[in-house]
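The values are calculated or read from the model by the stated rules, or taken from the named source; none is laboratory data. Since we're looking at a predicted model, the values are computed, not measured. For the accessible areas, the whole protein counts, side chains as well, though only heavy atoms, and no ligand, DNA or RNA atoms are used. Shrake-Rupley method; radii C 1.70, N 1.55, O 1.52, S 1.80 Å.
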Amino acid sequence: MPAPALLLSLVGVLAQAKAPSTTPLPNPASEATKDLTDLSQACDPDASWLCQKVYEWTGWSWLAGLTEWLVAKPFKALVILGVAFVVNRIVRAVIKRVMQRRLDNEPSRLRTRLREKTPNVLLRTGESNLRAEARVQTLSAVFRSIASVIIWFTAIVMVLEVFEVNLGPLIATAGVIGVALGFGAQNMVRDFLAGFFLVVEDQFGVGDIVDLGPDAKGTVERVTLRATRVRDVNGVLWHVPNGQITRVGNKSQEWARALLDVQVAYDTDLDQAQDVIRRAAEALAADHAWASEILAAPEVWGVEDFAESGISIRVVLKTRPASQFGVLRELRARIKAAFDAAGLVMPPAGRSEVWVHDADRDADRSGPPAETG
């Protein structure tokens, strides 16, 4: 090849080597930078504004995601818990105020009956206030506890959702634990349910004289959803689980009755005896010290029973709740004094002097006379 042609060929090869390539070469640094500056990789569509702001300020997706996890989500959880705390306090205060307003404004059945029967009796008494306040406090505690459980349960579920915790296994575990506790604590659940209905239905309250069973007879000192405390006449305090209460005998609800059977001898003039008993009971009802305890005029119902020791004459007085016992004690003393003044004699204790003739029994015993030889 001639020298000029060879020189031209070498110049062409060198020119092609120096010319820029049209195919781009891969750049690892640019790929990494692209990943770090991708907003969709840093923040979810429902992410907070803080994640986007950090991404805009720094341009690093990993820092924006870390900020979202360490700052934004705990902040959301704290806000939810704070709102739950405030709502819980407001709801509890509203429940307490509503129940207290009901106590102050709505007359109880006891005061309604007292207004209808005896206008001169005070409508707001210490005993009725104590019972009504205890009932309102118990109901208020129940409703406030239910409200608190609902509010805090909702808040906890929302917090777990913020941290993207799967609630399925937790709910399943809670269900298994609830079943186990239900079998193990069924008596306690029964006590709470029975106590709730006892309070709601107002079967008895603090200060009532009740009969809850063979031994639990006395004055109610405290009523809770779990148990009832009753102190008997000997001073013994009985703790009765509400679930074991199968019957309730309330001797001091709305009104009471002082009932007394007075025995007189068989040879006593019954009209005179009833008149003496009636005048003694009316004098008791007219006494200023006892007038507020008796709600209606005394009634002598008449002969109640023929006993071996004498004839029973029944007298009754309608009284305020739990006042029948004191009225009965005073009535016995006044009737005894009235009998002594009238010269009437009550049958003596001990052997009966009454002889009962039974014609049929005597006829059965009668027969042909015995033969004598």
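Sorting ILE80, ILE311, ILE171 by accessible area (1.4 Å probe), largest first, what list results?
Details: ILE80 30, ILE311 10, ILE171 115 Å².
Largest accessible area first, the list is ILE171, ILE80, ILE311.
At 1.4 Å probe size, what's the solvent-accessible area of LYS76? Round to the nearest 10 Å².
The accessible area comes out at roughly 80 Å².
Given Cα pairs under 8 Å that are at least 6 residues apart, what percent is the relative contact order of the range 145-271? Walk me through the numbers on the way to the answer.
Values: 136 pairs, mean separation 23.7, N = 127.
Across the range 145-271, relative contact order equals 19 percent.
Let me check something: with ligands and nucleic acids excluded, how do TRP301, TRP238 order by accessible area (1.4 Å probe), largest to smallest?
Numbers: TRP301 125, TRP238 85 Å².
So, going from the largest accessible area down, we get TRP301, TRP238.
Averaging over every viewing direction, what projected area does the convex hull of the Cα atoms of the range 194-292 cover, in nm²? Walk me through the numbers on the way to the answer.
On the way: hull surface 36.6 nm².
The Cα convex hull of the range 194-292, projected and averaged over all directions, gives 9.1 nm².
Normalise the Debye intensity by I(0) for the range 247-291, one equal point scatterer per Cα, no solvent, then take log10 at q = 0.19, 0.27, 0.32, 0.34 Å⁻¹ and round to two decimals.
Normalising to I(0) and taking log10 leaves -0.78, -1.03, -1.16, -1.19.
Determine, at each q value in 0.15 (inverse angstroms), the log₁₀ of I(q)/I(0) that the Debye formula gives when each Cα of the range 132-248 is one equal point scatterer.
Log10 of I(q)/I(0), two decimals: -0.77.
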